[in-house]
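Take a look at the structure set out below.
The values are calculated or read from the model by the stated rules, or taken from the named source; none is laboratory data. All values derive from a computational prediction rather than experimental measurement. Ideal geometry is used to build each Cβ from the backbone, glycine not excepted, and the neighbour counts take in all protein chains shown. Just the protein is used for accessible areas: all its heavy atoms, side chains included, with ligands, DNA and RNA removed. Shrake-Rupley method; radii C 1.70, N 1.55, O 1.52, S 1.80 Å.
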Amino acid sequence: MPHDVTFIPGDGTGPELAEATRRVLEATGVQFAWDEQPAGEDVYREEGTPFPDRTLASIRRTTVGIKGPTTTPVGSGFRSVNVLLRKELDLYACVRPCKAYEGVRTRFPETDIVIVRENTEGMYVGIEFENGTEPQAEVRATCARLGFEIPQDSGISLKYLSVHGSERIVEYAFEYAKANGRRKVTAAHKANIMKFSDGLFLEVARRVAERHPDIEFEDRIIDNLCNQLVSRPEEYDVVVLPNLYGDIVSDLGAGLIGGLGLAPGANIGTAAAMFEATHGSAPKYKGLNKVNPTALMLSGVLMLRHLGEREAADRLEGAIAAVIARGDKVTYDLKPTRDDPTAVGTSEFADAVIEEMNA
Ligand code: NAD
């Protein structure tokens, strides 16, 4: 039986990256029934929405999707497709493996960590009160009644972390560790300052850890974690974090392993899973057959594992790693200089991976 998968090319460089990824996934021999659906800037121009109902309906039906990046205009225009997706499908766990492959220029070749970011709570819940507005004045008045003075000329953003939200993300991190042969989970927080939100997260994390005595557990204050990740990343394994910290540490992780072109991701919920690169739509390279498809291909590897196709996943990951290690047929960002004339394009990189798998 082929796997039903929603295929979203996205916009900017998304369609080129998605096509290269589809080709290498098919070359594994695993059968897919792709349901191609639009999202992003192009469909917004045609239909007035960046995320049509039929795209959401398709993911609800297939429960698995792979997505090229989509542009989010700054300031005006439409809301982020990614935020909409996470909200609509309650994709609460963002999983971003950061593994340094041989042949990539990085100061941290030993890095092999997995960031598990909470996707639905924390600083990104969007509860905000604009300076100079009535709701802002009400929040200030309520806080004043409770003994907290907020300066009159303030913008206010609220964050919350719930027991339910914290428990399911930490539980997910432990389950991920177990399923993927990992030895340790580190919970990161700022519980020394934010005692009732991050403090709750830490307390819940400790309780969840007791249910998993076979996996080591430790916690780190977020600033200390950042310091340690850029000095001794090899000491870390699975790291679970509330939303904002997870967002920042994911990019830090991408930097550790040699750049955004290499960092894959998965957004996992109870009813669906969506696989996509950490990077964005890199619009200045649109249509140039130039950018690196590795991050989306490795997101495809995560999707294969999610679908239970472990052998195909290992084979595809091995082929990508071999092409990068050889270094001849790689994109510009993996060459010693950015204008190296021997760099290949997005599509030729996919050809090299397919050749490697067939060798
Ligand atoms: P970006 O990640 O698109 O690109 C930043 C730079 O990183 C590029 O100019 C390029 O030099 C490099 N880069 C990114 N991907 C690469 C690849 N595959 N190969 C080689 N180099 C690569 O970030 P941005 O320019 O800040 O964002 C562009 C748009 O993408 C914005 O509208 C943003 O909102 C959106 N975005 C979407 C997603 C998503 O769809 N998941 C994620 C992040 C940003």
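The table below lists the values:
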| quantity | calculated |
| --- | --- |
| Odd one out for Leu307, checked against (1) under 17 Å from Gly255 (Cα atoms); (2) more than 14 Å from the ligand (Cβ to nearest atom); (3) touching a His at 6+ places or on another chain (Cβ under 9 Å) | (1) |
| Per-region count, region 279-298, residues open to solvent by less than 40 Å² (accessible area, probe 1.4 Å) and more than 7 Å from the ligand (Cβ to nearest atom) | 4 |
| Filter pass, Val43 being over 19 Å from Ala282 (Cα atoms), part of a helix (DSSP H, G or I) and open to solvent by less than 50 Å² (accessible area, probe 1.4 Å) | no |
| Sole residue being under 20 Å from the mean Cα position of the chain (by Cα) and in a loop (DSSP other than H, G, I, E, B), chosen from Leu84, Leu91 | Leu91 |
| Tally of residues being within 15 Å of the ligand (Cβ to nearest atom) and buried (at least 19 other Cβ atoms within 10 Å of the Cβ) across region 63-97 | 16 |
| Thr111 being within 23 Å of Thr294 (Cβ to Cβ), polar (S, T, N, Q), away from the ligand (no atom under 16 Å from the Cβ) and touching a Phe, Trp or Tyr at 6+ places or on another chain (Cβ under 9 Å) | yes |
| Index of the failed condition, Tyr124 passing every other in (1) open to solvent by 40 Å² or more (accessible area, probe 1.4 Å); (2) assigned to a strand (DSSP E or B); (3) at pLDDT 95 or above | (3) |
| Scan of region 146-170 for residues that are open to solvent by less than 40 Å² (accessible area, probe 1.4 Å) and either touching a residue at least 40 places away in the same chain (Cβ under 8 Å) or touching an Asp or Glu at 6+ places or on another chain (Cβ under 8 Å) (or both), ordered by number | Ile156, Leu161, Ser162, Gly165, Ser166, Ile169, Val170 |
| Region 51-62, residues that are open to solvent by 10 Å² or more (accessible area, probe 1.4 Å) and in contact with a Gly (Cβ under 9 Å, 6 or more places away or on another chain) | Phe51 |
